[in-house]
Amino acid sequence: MASKRQKEDRAAFKRYKEDVQKEGKPFFPYAIYHDTVMSLVVVAVIIGLAVIWHESAVNHSDGVGVLGPLYEDKADPATTNFVPRPDWFFYFLFYLLRIFKWPETVVLGTVGIPTLLLVLLIMLPFYDRRPERLILRRPVATVAAILVVLAMGVLTYKGATAKEALGSETVGQVPSWAKEQGFADDPVAVAGATLFAESGCLNCHTYLGAGGTNLGAPDLSAEGAKGRGIEWQVAHLKDPSSKTPGSPMPSFAALGDENLLKIATFLEASKGAK
């Protein structure tokens, strides 16, 4: 025997079908026609903007048109100064990955929480079947929605303003490193510290509190206290697995011997904070 709620659902569905038959319009061709027209409008706008950008730049003396320059410098895939960031609408997930560290909890930030929230959203029509639509009469759904919006807003802001532990954003820390480690008067070591900050070493290593701890990479703040020597450091940078079997660290031989010598000098000068 049907419950009271099931009877109400069936009656509401029956009224909905009757309203559709009286006042509604079929999906084909009305909805499809509207979507097709809107899609053509969007494509036409994109084509129009592209034509305006190209023609205005070509006809301008310095190659800068209404919507920007026609050509700029080619992208350099080998640059060490560029700090990659996601689009703004992924900033919340970008910062979420800063909270859950590799390797112990990163699966929660990449798979666990996003998947759980997505499943809850997909299942919403199945577990929330109340006919009530007034916000004030749905406190649980209202509070949950407010908390989600606030959480995503805070994470988006934190992700937008977060400073990366790599590239040009950490070069500014080199003077403080030199002062703490006592190699401020050694220009080769200072140059090596700058290269170290620019080359992405802090993606995996930590140095005086900066950087990450990915793939089990060690802290290099006191690397020089191990007494390995500059030759060992250069050889390790060229071929890490030759000095540390099984090391996942990539080769930095492409930096050249001169730059590798600078980084090695910096590492050997790093005896630990004074």
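The values are calculated or read from the model by the stated rules, or taken from the named source; none is laboratory data. Small disclaimer: the values here were computed from a predicted structure and weren't measured. Glycine gets a Cβ as well: all are built from the backbone with ideal geometry, and neighbour counts include every protein chain shown.
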Check your understanding: Somewhere in segment 235-245, is a residue at pLDDT 90 or above and under 12 Å from LEU267 (Cβ atoms)?
Key -> yes
Check your understanding: List, please: which pairs have Cβ atoms under 7 Å, are six or more places apart or on different chains, and start with a residue in segment 137-158 that is assigned to a helix (DSSP H, G or I) and end with one that is exposed (fewer than 14 other Cβ atoms within 10 Å of the Cβ)?
Key -> ALA141/ASP128; THR142/ILE135
Practice item. Test each condition in (1) under 30 Å from PHE196 (Cα atoms); (2) in contact with a helix residue (DSSP H, G or I) (Cβ under 6 Å, 6 or more places away or on another chain) for LEU70 and report the one that comes out false. Key: (1)
Check your understanding: Just to be sure, is ALA235 without any contact (Cβ under 8 Å) to a residue 12 or more places away in the chain, in a loop (DSSP other than H, G, I, E, B) and either farther than 30 Å from VAL107 by Cα or in the same structural domain as LEU93 (by TED's automatic domain parsing) (or both)?
Key -> no
Check your understanding: Is it true that some residue in segment 165-176 is assigned to a loop (DSSP other than H, G, I, E, B), outside the structural domain of THR105 (by TED's automatic domain parsing), at pLDDT 85 or above and not β-branched (Val, Ile, Thr)?
Key -> no
Check your understanding: Considering GLU231, GLU258, GLU180, GLU223, which residue is surrounded by 18 or more Cβ atoms within 10 Å (Cβ to Cβ), at pLDDT 85 or above, more than 22 Å from the chain's Cα centre (by Cα) and among the acidic types (Asp, Glu)?
Key -> GLU223
Practice item. Check segment 112-132 and report whether any residue there is within 17 Å of the chain's Cα centre (by Cα), at pLDDT 85 or above and among the hydrophobic types (A, V, I, L, M, F, W, C). Key: yes
Exercise for review: Could you figure out which of (1) in contact with a Ser or Thr (Cβ under 9 Å, 6 or more places away or on another chain); (2) exposed (fewer than 13 other Cβ atoms within 10 Å of the Cβ) isn't true of LEU195?
Suggested key: (2)
Review point. Does LEU67 qualify as being at pLDDT 80 or above, on the phi < 0 side of the Ramachandran plot and over 18 Å from the mean Cα position of the chain (by Cα)?
Key: yes
Check your understanding: Quick one: is LEU108 in contact with a Gly (Cβ under 9 Å, 6 or more places away or on another chain), surrounded by 12 or more Cβ atoms within 10 Å (Cβ to Cβ) and under 27 Å from GLY200 (Cβ atoms)?
Key -> no
Review point. Within segment 186-196, is even one residue touching a Gly at 6+ places or on another chain (Cβ under 6 Å) and either assigned to a strand (DSSP E or B) or under 29 Å from VAL107 (Cα atoms) (or both)?
Key: no
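Within segment 32-49, is even one residue without any contact (Cβ under 8 Å) to a residue 24 or more places away in the chain, acidic (Asp, Glu), surrounded by fewer than 11 Cβ atoms within 10 Å (Cβ to Cβ) and not assigned by TED's automatic domain parsing to the domain that holds PRO131?
yes
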